[in-house]
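Right, one structure below, let's go through it.
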């Protein structure tokens, strides 16, 4: 009989193996581009495929810094003024994942729609 | 605007403040000087200023994921330093005392590193508003309030640990330290997933409905035990693996102490 800990570690191992597998299959990741202008995200909604890793390119066209933040996506990254940032997201289950600019949350808001 | 700056600064300060208060309480319990905190914070501040100037260049490293990698390296370093601190704290008052200096050096390096990570974000945030004076004042006020709350929570933990007996304070202090350390490791894994250096996976659970990361409790638990509402298997594995390694270090430290104790009686 398998103990609970060994079963758990086996499950974790399986998860690791499966996800490594998923990564190697999807070698060329789709790129999605976003812009920050006047503390707004353009577009404010992006659609990405489900169960796929996506490379998010965020261009900050403002002279001021911003922090891309999403609790739902588990992402957080400072983007200095007039700079770009690479953020990998996914694979995700279908649904809506809000993100926001932490430094200007009253205007900088958007969503990733996973289909 | 004001409320937002309170929250942003509080979040960053809280993490550093918890770490500082636990380490200070431990060095206090061991009867060591706590003056190290002054120069440690000084070095941390200098580091944070340098990092905030260099972040544009650093971000471009490794095909645009330099920020994640640098931050993850700092967090992994903090984990190892906390491992060393745990060992040294348990050696103290053994028969062959390892020098206080080494313990202080490890603690000070930990705090300085944590301060670079958290301080940098606050600096970048506040600096971004420096050319809009009315807003800048509001942001600054919010930052001061946020920092004060964060420091107060740290002070509360410090006095709580200090109010305990010697062994209790060591037990509570080291347990809190272990949770912070494991949280650091799990955050580092998350950053490396974001950088695509580690494979990403679907979360193994979703407790956001039960306890949201955005809630006050969620934020506090995030800072204290590295709470994540939707962690991946890798994160969880490193979190619990990190805790396990710490326990092993504790066991070794206690064994070494006992052996030394026996030798001295011969």
How many residues of region B:32-53 are in a helix (DSSP H, G or I), away from every other protein chain (no Cβ under 14 Å) and surrounded by 14 or more Cβ atoms within 10 Å (Cβ to Cβ)? The answer is 10
Given (1) in a helix (DSSP H, G or I); (2) out of contact with any strand residue (DSSP E or B) (no Cβ under 7 Å at 6 or more places or on another chain); (3) within 14 Å of chain A (Cβ to nearest Cβ), where does residue B:160 come up short, assuming only one miss? (3)
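Listed here are the residues, each with its yes/no results for (1) more than 25 Å from residue B:126 (Cβ to Cβ); (2) in contact with a helix residue (DSSP H, G or I) (Cβ under 8 Å, 6 or more places away or on another chain).
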{"position": "B:24", "(1), (2)": "yes, yes"}
{"position": "B:27", "(1), (2)": "yes, yes"}
{"position": "B:39", "(1), (2)": "no, yes"}
{"position": "B:45", "(1), (2)": "no, yes"}
{"position": "B:56", "(1), (2)": "no, no"}
{"position": "B:59", "(1), (2)": "no, yes"}
{"position": "B:66", "(1), (2)": "no, yes"}
{"position": "B:71", "(1), (2)": "no, yes"}
{"position": "B:74", "(1), (2)": "no, yes"}
Filter region B:203-233 down to the residues that are within 11 Å of chain A (Cβ to nearest Cβ), touching a helix residue (DSSP H, G or I) at 6+ places or on another chain (Cβ under 8 Å) and in a loop (DSSP other than H, G, I, E, B), then identify the one that is surrounded by the fewest Cβ atoms within 10 Å (Cβ to Cβ). B:212
Selection within region A:65-89 - farther than 20 Å from residue B:11 by Cβ, assigned to a loop (DSSP other than H, G, I, E, B) and more than 7 Å from chain B (Cβ to nearest Cβ): A:81, A:82
Determine whether region B:172-195 contains at least one residue that is more than 11 Å from chain A (Cβ to nearest Cβ) and in a loop (DSSP other than H, G, I, E, B). no
Look at region A:39-64 and say how many of its residues are touching a residue at least 60 places away in the same chain (Cβ under 8 Å) and either in contact with a helix residue (DSSP H, G or I) (Cβ under 8 Å, 6 or more places away or on another chain) or not in a strand (DSSP E or B) (or both). 5
Restrict the check to region B:45-67 and report whether at least one residue is within 30 Å of residue B:247 (Cα to Cα) and at pLDDT 95 or above. no
Given (1) closer than 24 Å to residue B:61 by Cα; (2) modelled with pLDDT under 95, identify the lone condition not met by residue A:52. (1)
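Table: residues versus (1) closer than 17 Å to residue B:16 by Cβ; (2) surrounded by fewer than 23 Cβ atoms within 10 Å (Cβ to Cβ).
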| site | (1), (2) |
| --- | --- |
| B:55 | no, yes |
| B:63 | no, yes |
| B:84 | no, yes |
| B:89 | no, no |
| B:105 | no, yes |
| B:121 | yes, no |
Scan region A:90-115 for residues that are touching a strand residue (DSSP E or B) at 6+ places or on another chain (Cβ under 7 Å) and part of a loop (DSSP other than H, G, I, E, B) and report the count. 10
Scan region A:16-25 and tell me whether some residue there is closer than 25 Å to residue B:62 by Cβ and modelled with pLDDT of 95 or more. no
Of the numbered conditions (1) touching a strand residue (DSSP E or B) at 6+ places or on another chain (Cβ under 8 Å); (2) on the phi > 0 side of the Ramachandran plot, residue B:31 fails exactly one; give the number of that condition. (1)
Just checking, how many residues over region A:90-112 are at pLDDT 95 or above and under 11 Å from the mean Cα position of the chain (by Cα)? 5
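Here's the yes/no breakdown for (1) more than 21 Å from residue B:26 (Cβ to Cβ); (2) under 21 Å from the mean Cα position of the chain (by Cα); (3) within 14 Å of another protein chain (Cβ to nearest Cβ):
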site	(1), (2), (3)
B:121	yes, yes, yes
B:125	yes, yes, yes
B:136	yes, no, yes
B:148	yes, yes, no
Kindly indicate the residue of region A:90-105 that is under 20 Å from residue B:121 (Cβ atoms) and more than 9 Å from every other protein chain (Cβ to nearest Cβ) and also surrounded by the most Cβ atoms within 10 Å (Cβ to Cβ) among those meeting that condition. A:99
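The values are calculated or read from the model by the stated rules, or taken from the named source; none is laboratory data. Just so it is clear, the structure is predicted and the values come from calculations on it, not from any experiment. Cβ sites come from the backbone with ideal geometry, for glycine too, and all protein chains shown count toward neighbours.
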